[in-house]
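See below for the structure under consideration.
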Amino acid sequence: MVVLTKPGIDHFPIVKNCKLSSFFNGVPLIDLSKPNSKNLIVKACEEFGFFKVINHSVPTEFITKLESEAIKFFSSPLSEKQKAGPADPFGYGNKKIGPNGDVGWVEYILLSTNSEFNYHKFASILGVNPETIRAAVNDYVSAVKKMACEILEMLAEGLNIHPRNVFSKLLMDEKSDSVFRLNHYPPCPEIQQFSDNNLIGFGEHTDPQIISVLRSNNTSGLQILLKNGHWISVPPDPNSFFINVGDSLQVMTNGRFKSVRHRVLANSVKSRLSMIYFGGPPLSEKIAPLASLMEGEESLYEEFTWFEYKKSAYKTRLADNRLVLFEKVAAS
């Protein structure tokens, strides 16, 4: 893989010789209504750190309502959208991802899920009552959070951990530091002439939180990195939710689960809309391998608080391995 830039598209990163035409059909599919789903989830977290779920509990009307409002917002003139920014860290952002020089072919809205957020700017752009936007976000996030907690409890059962809410209680805590993000990747017709190149929409990274829940429209672009070092394209599926293992869950399982490295490539014709819930623990929560999973093993990581890890991650570039700073040095 070669990353380069081309004039004419603002020197955004290009991935050369990366074909989106062939999709990987081996993404684990978990039916949450089946009795063996907990074991399949554990296996998926061990092998991929990534899977998708069906027969979930998120009402369709919550999905369509929020997606409709998001599409209307992102279809507004840039001058209007910028009134809801800059994202610092919450609000509307465009192309710039974080404070350390990362850029992508993306615009986004970042919201806190556990604190009051002023929706008036977004509502004025859409010409609706702020409570309409607040309700659409809260209904969707509450339903997705509930599903994420159910999945985490299935994980605990599959790992024979007690109590079963050992992971989910961190998301349910009123001080949980969870966030919600809407990413919009506009089409980029200019890259269509370069058949062997693709524009980076969102650069490669892992999610630092415990778990991420992603839902997107029927547009390709998402890729994950397999253990063999190959990037594979994930087929779009607007009827399922994709689940990512985050760095914190990797630490809590002492490396048994791996946080999945992923990225998004821009599309030359269609826009892509993604809605992601990042389930994070309270800032003061201590993150360390669970004793019940150690079985005489040595911990691979130093204990740290979520605040310490978040602060450290904020200083890095997207593609950096954030966990390496918290790994224990093996005794000689």
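In Å², what does the accessible area per residue of region 211-332 work out to with a 1.4 Å probe?
Working: 5330 Å² over 122 residues.
Heavy-atom accessible area per residue stands at 44 Å².
How large is the accessible surface per residue of region 63-194, computed with a 1.4 Å probe and reported in Å² as a whole number? Write out the running numbers ahead of the final one.
Numbers: 6120 Å² over 132 residues.
Per residue, region 63-194 has an accessible area of 46 Å².
Students often get this wrong, so check it: of 38/315; 43/286; 169/311; 121/145; 175/311; 258/328, which have C-alpha atoms separated by over 28 Å? It would help to have the intermediate numbers written out before the result.
Values: 38/315 36 Å; 43/286 26 Å; 169/311 22 Å; 121/145 25 Å; 175/311 17 Å; 258/328 17 Å.
Pairs exceeding the cut-off: 38/315.
Kindly rank 90-98, 272-280 from highest to lowest mean number of other beta carbons found within 10 Å of each residue.
Details: 90-98: 18.4, 272-280: 23.4.
In descending order of packing, they fall as 272-280, 90-98.
What aspartates and glutamates does residue 227 reach when the alpha-carbon gap must be under 15 Å and sequence neighbours fewer than 8 apart in one chain are set aside?
Hits, sequence-local ones excluded: 46, 47, 204.
Based on the Cβ-Cβ distance from residue 324 to residue 61, what FRET efficiency comes out when R0 is 51 Å, to the nearest 0.05?
0.75
Explain nothing, just compute: Karplus ³J(HN,Hα) = 6.51 cos²θ - 1.76 cosθ + 1.60, θ = phi - 60°, for every residue of region 136-145 in order, whole Hz, x for Gly and Pro.
5, 5, 5, 4, 5, 5, 4, 5, 5, 4
Of the listed peptides 258-266, 50-58, 81-89, 28-36, what is their order by residue-averaged count of other C-beta atoms within 10 Å, with the highest listed first?
258-266, 50-58, 81-89, 28-36
Tell me which aspartates and glutamates have Cα within less than 16 Å of residue 65's Cα, excluding those fewer than 8 residues away on the same chain?
The qualifying aspartates and glutamates are 131, 139.
What nm value, rounded to one decimal, do you get for the distance between residue 118 and residue 290 when each label is placed 7 Å out toward the C-beta?
4.1 nm
Could you tell me the distance between the Cα centroids of region 254-332 and region 204-231, to the nearest Å?
Region 254-332 and region 204-231 have Cα centres spaced 14 Å from each other.
In region 14-314, carbon and sulfur make up what percent of the accessible area (probe 1.4 Å)?
On the way: 6590 of 12950 Å².
For region 14-314, the apolar C and S fraction of the accessible surface comes to 51 percent.
At a Förster radius of 41 Å, what calculated FRET efficiency corresponds to the Cβ-Cβ distance of residue 23 and residue 305, to the nearest 0.05? Before the final figure, lay out the partial values.
Details: r = 39 Å, r/R0 = 0.96.
After rounding to 0.05, the efficiency reads 0.55.
Could you run the Karplus curve 6.51 cos²θ - 1.76 cosθ + 1.60 with θ = phi - 60° over region 43-48 and give me ³J(HN,Hα) per residue in whole Hz, x for Gly and Pro?
Result, rounded to whole Hz: 4, 5, 5, 6, 8, 10.
How far apart, in nanometres, would the label points at residue 36 and residue 132 be if each is projected 7 angstrom from Cα along the Cα-to-Cβ direction?
The two pseudo-label positions are separated by 4.8 nm.
The values are calculated or read from the model by the stated rules, or taken from the named source; none is laboratory data. This one's a predicted model, so the numbers in the text were calculated from it and none came from an experiment. Cβ: placed from backbone, ideal geometry, glycine included. Neighbour counts: every protein chain shown. Quick note on the areas: whole protein, heavy atoms, side chains included, nothing else; ligands and nucleic acids left out. Shrake-Rupley method; radii C 1.70, N 1.55, O 1.52, S 1.80 Å.
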